[in-house]
1. Please state, as a whole number in µm²/s, the translational diffusion coefficient that the Stokes-Einstein equation yields for the chain at 37 °C and 0.692 mPa s, with Rh defined as the Kirkwood radius across alpha carbon pairs.
2. Which of Gln153, Gln228, Gln132 moves most in a GNM of the chain, Cα contacts under 10 Å?
3. Please list, in order along the stretch 200-211, the HN-Hα scalar couplings obtained from phi with the Karplus expression 6.51 cos²θ - 1.76 cosθ + 1.60 (θ = phi - 60°), rounded to whole Hz, x for Gly and Pro.
4. For the pair Ile203 and Arg249, how long in nm is the line joining their label points, each one 7 Å along Cα→Cβ?
5. For the stretch 241-348, which trypsin sites (Lys or Arg not before Pro) are in a loop by DSSP, counting at most 11 other Cβ atoms within 10 Å?
6. Full extension from His102 to Asn125: what is 0.36 nm times the residue separation minus their Cα-Cα distance, to one decimal in nm?
7. Would you kindly calculate the translational diffusion coefficient of the stretch 83-178, applying Stokes-Einstein with the Kirkwood radius from alpha carbon pairs, for 37 °C and a viscosity of 0.692 mPa s, and quote it in µm² s⁻¹ without decimals?
8. Have a look at the stretch 296-348 and give its Rg and Dmax from the Cα atoms, expressed in angstrom.
Amino acid sequence: MQEPAYEIMVGDRALDFVLPGPDGKFYQFYERTKGRPLILIFYPGKNSDAWAEVEAFAQRHAEFNDLGIDIFAVNLDTSKDNNKLDLPFLVWSDLKQKITEHYLNGAGIGLDLRNTINIFLLDANQRVLNLQTGSETGHAARVHEFYQNMPQQPAPQILSANAPVLLLPNLIDPGMCQDLIALWNEGEHDEGKVVSVVGDEEIARIHTKVKKRRDHRIMDMDLHKILQWTIGRRIAPELEKVFHFKGFRFDRFAVVCYDADRGDYFRVHRDNLAPTTADRAFALTLNLNVEKYEGGELVFPEYGPHKYRPTSGGGILFSCSLMHEALPVTRGRRFALLSFLRTLDNHG
């Protein structure tokens, strides 16, 4: 198992920047987004081989807009030159190439592709969904097809209660999901324990009336570092944005299995009630194989009856103070990667 090869890959959040627009005024990338998926195009300028591909995106601008997709571009021409383009989307001028270099280097785009069009396909949260690059033609059609074939968003609902949780897709890729499941299958796994205070003593014990599952604790420090780097860089910006929380360390990761044949579950509980768990700030549950089982959703009964199930490779983050329950798996085996985020105040 390997960590991501580059700094900007699927699952990573595209970084913010401020550059001059066609009118010479400076515009911030994040400030211009509208909560819709978007296309971020990098190309050298009008006098490059990529210009015909940029024009193709302009010609299909209305079609992308009908899909709810916004388009932005960054090039190396001057603002004055960009003001003459009459494109239906904002084009930033990056004369010093700092933003262009950061994105292209971060995505591992080689020097041989710097004079072509490079297209970052982003979701509504500015997280990378895909990358298209190269000198071939037809990028606009392929990008349109990509967004057209994405799963439809659920219909809007009026909610009167909702748990304060954070759901994030694409924290790890499908290959890493399968590797972690294989690790559980091939390695040792123990019956999951419950940490509680009995009398005046804190103990970890098997308590099947509360918790039934089998855990494989990841002891390989190299693998721990890979998971820490891969997942940490993708959840840290979201935790800071949503909860103003930053500065944490991961607990040891564990791959766990809830098996329908065993009737596995984890009854309602909180994750920070014992002295040794009091500095747990957030819990992370990352699903590995949601297509292979039924049941096993998380519920937060203090905040209504809704059931939460991240997609495979996606995770849910929530405060360890929240009461929650992992419902019984009714078919198949549910595999998940678990960890806790602890504050740095007491442990540095």
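Here, each number is a calculation from the coordinates, and none is a lab measurement. Keep in mind it's a predicted model, so treat the numbers as computed, not measured. Note that we place each Cβ from the backbone using ideal geometry, even for glycine, and neighbour counts take in every protein chain shown.
1. The estimated diffusion coefficient comes to 146 µm²/s.
2. Of the options given, Gln153 has the highest mean-square fluctuation.
3. Computed from phi, the couplings for the stretch 200-211 are 10, 10, 8, 9, 10, 9, 6, 9, 5, 6, 9, 9 Hz.
4. 2.9 nm
5. The qualifying sites are Lys246.
6. Result for the pair: 6.3 nm of gain on full extension.
7. The Stokes-Einstein estimate is 192 µm²/s.
8. 13.5, 42
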